[in-house]
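Undergrad: Take this structure first; my questions come after.
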Amino acid sequence: MCLWRGKSGYKPKFTTKETWLNLRPTSMQQVWTRGVWFPMATPRFAFIVWLAMQNRLSTMDRISVWDRGVDTTCVLCKLEAESRDHLFFKCVYSAQLWKSLVKGMLGNTYSEDWGLIVQKVSNGGCDKKLLFCLRYAFHAAVYGIWRERNKVRHGESVLPVETIIKLTDKKVRNKLSLVKMKRKKGMEDILSYWFQTRSS
Ligand SMILES: [Zn+2]
């Protein structure tokens, strides 16, 4: 006799639902989605982050799998091969943006390692203001770097890093002004919190 092993032991019947749940790494997925879809996120930023979380952006390391002759060099630093983990934020160009945005906020726990950053933005448990600023800065930085990379790949010249820092900071500030206007508990002084961490 054939039996199907499910979470609750052996069963004579096969269920699609149980099989799907067994195959899918549910807990892992739930953890990082918290860093992607959160209240007041900007959908077009969140979408790019969602693709990046699954390593589904068309970075050159992935393109080179089916297009062997392609130049995989990162167009932002022109030093190393392009991959998700390089762009976010090991690349010397993107690292300057990331550092400028969050180093003051994170201090000793600051990192340019994708895995560690994802852990940080996905886990709650820290200060509400810090978590929102960190998540939003992460979204704005990933979106900004990806957009810049695409522009340069299509023939435009790379923006000076000071300019991309200014533009990204402006996006974060605009969002924080909106959050402030909503008068959510514990978020009233979020904008001045951002200014403080940026200048420290
Ligand atoms: Zn690079």
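The values are calculated or read from the model by the stated rules, or taken from the named source; none is laboratory data. It should be emphasised that the depicted structure is a prediction, and the values quoted were computed from it without experimental measurement. Backbone-built Cβ (ideal geometry, glycine too); neighbour counts: all protein chains shown. The protein model used for the area step is the full one, side chains on, heavy atoms only, and it has no ligands, DNA or RNA in it. Shrake-Rupley method; radii C 1.70, N 1.55, O 1.52, S 1.80 Å.
Undergrad: Cα axis of helix 92-106 to longest principal axis of the chain: angle in degrees, 0 to 90, nearest 10?
TA: Orientation of helix 92-106: about 90 degrees from the principal axis.
Undergrad: Okay, moving on. Quick one: of Lys128/Lys170; Lys120/Lys171; Lys103/Lys129; Lys151/Lys182, which pairs are farther than 24 Å apart, Cα to Cα?
TA: Values: Lys128/Lys170 21 Å; Lys120/Lys171 21 Å; Lys103/Lys129 15 Å; Lys151/Lys182 35 Å.
Too far apart for the 24 Å limit: Lys151/Lys182.
Undergrad: Hey, another quick one. At what distance in nm do the modelled label points of Asp71 and Trp37 sit from each other, each positioned 7 Å from its Cα along Cα→Cβ?
TA: Here the modelled spin labels are 4.0 nm apart.
Undergrad: Using only Cα atoms, locate the centre of the range 122-190 and the centre of the range 42-84, then give the distance between them in Å, rounded to an integer.
TA: With the range 122-190 and the range 42-84 each reduced to a Cα centre, they are spaced 20 Å.
Undergrad: Okay, moving on. How much accessible area per residue does the range 116-157 have, counting only protein heavy atoms and a probe of 1.4 Å, in square angstrom?
TA: Solvent-accessible surface per residue comes out at 42 Å².
Undergrad: Would you mind checking the tilt of helix 128-153 against the longest principal axis of the Cα atoms of the chain, expressed as 0 to 90 degrees and rounded to 10?
TA: Between the helix axis and the principal axis of the chain, the angle is about 80 degrees.
Undergrad: What is the dipole size for the chain, taken about its Cα centre, with +1 at each Lys and Arg Cβ and -1 at each Asp and Glu Cβ, in debye to the nearest 20?
TA: 1000
Undergrad: Follow-up. As I understand it, the value is the acute angle between the Cα axis of helix 190-199 and the longest principal axis of the Cα atoms of the chain; what does it come to in degrees, rounded to 10?
TA: Once rounded, the angle reads 70 degrees.
Undergrad: While we're here: Rounded to the nearest 0.05, what FRET efficiency is calculated for Gln54 and Lys11 with R0 set to 45 Å and r the Cβ-Cβ distance?
TA: The pair Gln54/Lys11 has a calculated efficiency of 0.90.
Undergrad: Separate question: Amide H neighbours of Ser111 under 5 Å, counting only residues 5+ apart in sequence or on other chains, H built in-plane at 1.01 Å?
TA: Sorted by chain and number, the residues that satisfy this come to none at all.
Undergrad: As a check on your grasp of the helix formula, calculate [θ] at 222 nm for the chain: sum -39500 (n - 2.57) over DSSP H runs of n ≥ 4, divide by the residue count, round to the nearest 500.
TA: Details: 9 runs with 115 residues, N = 200.
About -18000 deg cm²/dmol.
Undergrad: Rounded, prolate or oblate: pick one for the chain, where a ≥ b ≥ c are the square roots of the eigenvalues of its C-alpha gyration tensor, a/c under 1.5 means rounded, and failing that, prolate if a/b is larger than b/c, else oblate.
TA: oblate
Undergrad: Name the long-range amide H neighbours of Trp4: under 5 Å, sequence gap of 5 or more, or other chain; modelled H, no Pro or chain starts.
TA: Hits under the 5 Å cutoff: Lys11, Lys13.
Undergrad: What residue among Trp32, Leu97, Gly6 has its Cα farthest toward the positive end of the dipole of the chain, where the charges are +1 on Lys, Arg and -1 on Asp, Glu, each on the Cβ?
TA: Positive-most Cα among the choices belongs to Gly6.
Undergrad: 7 Å from Cα along Cα→Cβ at both Val92 and Glu188: what's the point-to-point distance in nm?
TA: For the pair Val92/Glu188, the computed spacing is 4.7 nm.
Undergrad: Using the Cβ atoms and a cut-off under 12 Å, what net charge is assigned to the surroundings of Arg34, where Lys and Arg are +1 and Asp and Glu are -1?
TA: +2
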